[in-house]
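K.L.:
Below you will find the structure I want to go over with you.
The values are calculated or read from the model by the stated rules, or taken from the named source; none is laboratory data. All of these numbers come straight from a predicted model, not from anything done at the bench. Quick reminder, even Gly has a Cβ in these numbers, built from the backbone with ideal geometry, and neighbours come from all protein chains shown. For the accessible areas, the whole protein counts, side chains as well, though only heavy atoms, and no ligand, DNA or RNA atoms are used. Shrake-Rupley method; radii C 1.70, N 1.55, O 1.52, S 1.80 Å.
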Amino acid sequence: MTGEIDIAGVYVHPLLIAAVLAFLLAELVAWGLGRLGFYRFVWHRGLFDVALTILLWAGLAALITGGSLAAAFTG
């Protein structure tokens with residue numbers, strides 16, 4: 001696992017940065033899916049958006065930690 005990242009004197013865990021990036025990316029993807037009309041086929045938009053955010057967060061965490069999801073969330 002990588003160490004903390006120093007941002008203006010504040011140490012931030014890399015998974016927190018991955019969570020913020022995943023949220024922003026999920027919002028961008030949701031906007032694009034909304035423009036395409038994809039949400040007509042989705043039963044529960046809120047649940048879909050939460051699942052999308054979690055999947056993106058797990059993927060970014062795996063990239064940050066070197067590809068191991070187990071190492072990303074267990075430390």
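K.L.:
Given that just one value was derived from the coordinates, which of (i) 6.0; (ii) 11.9; (iii) 9.5 is mean projected area of the Cα convex hull in nm²?
P.N.:
Comparing each candidate, only (i) matches the computed number.
K.L.:
How large a share of the accessible area of the chain, in percent, is made up of carbon and sulfur atoms when the probe is 1.4 Å and the other protein chains stay in place? Let's see the in-between values first.
P.N.:
Numbers: 3870 of 5400 Å².
Using a 1.4 Å probe with all protein chains present, the chain comes out at 72 percent carbon and sulfur.
K.L.:
Divide by every residue of the chain the summed helix terms, -39500 (n - 2.57) for each DSSP H run of at least 4, and state the resulting mean residue ellipticity at 222 nm, rounded to the nearest 500 deg cm²/dmol. Don't jump to the answer; show the numbers that get you there.
P.N.:
On the way: 3 runs with 50 residues, N = 75.
So the calculated ellipticity at 222 nm is -22500 deg cm²/dmol.
K.L.:
Per-residue counts of other Cβ atoms within 10 Å, averaged by peptide: what ranking do you get for 10-20, 53-63, highest first?
P.N.:
Values: 10-20: 14.2, 53-63: 16.5.
Listed from highest to lowest mean packing, they are 53-63, 10-20.
K.L.:
Using the per-residue mean of other Cβ atoms lying within 10 Å as a proxy for protection, in what order, highest first, do the peptides 22-34, 38-50 fall?
P.N.:
On the way: 22-34: 14.2, 38-50: 11.2.
Final packing ranking: 22-34, 38-50.
K.L.:
Sticking with this one: Per residue, how much accessible area does the chain show when a 1.4 Å probe rolls over the protein heavy atoms, in square angstrom?
P.N.:
Working: 5400 Å² over 75 residues.
With the other protein chains kept in place, the chain gives 72 Å² per residue.
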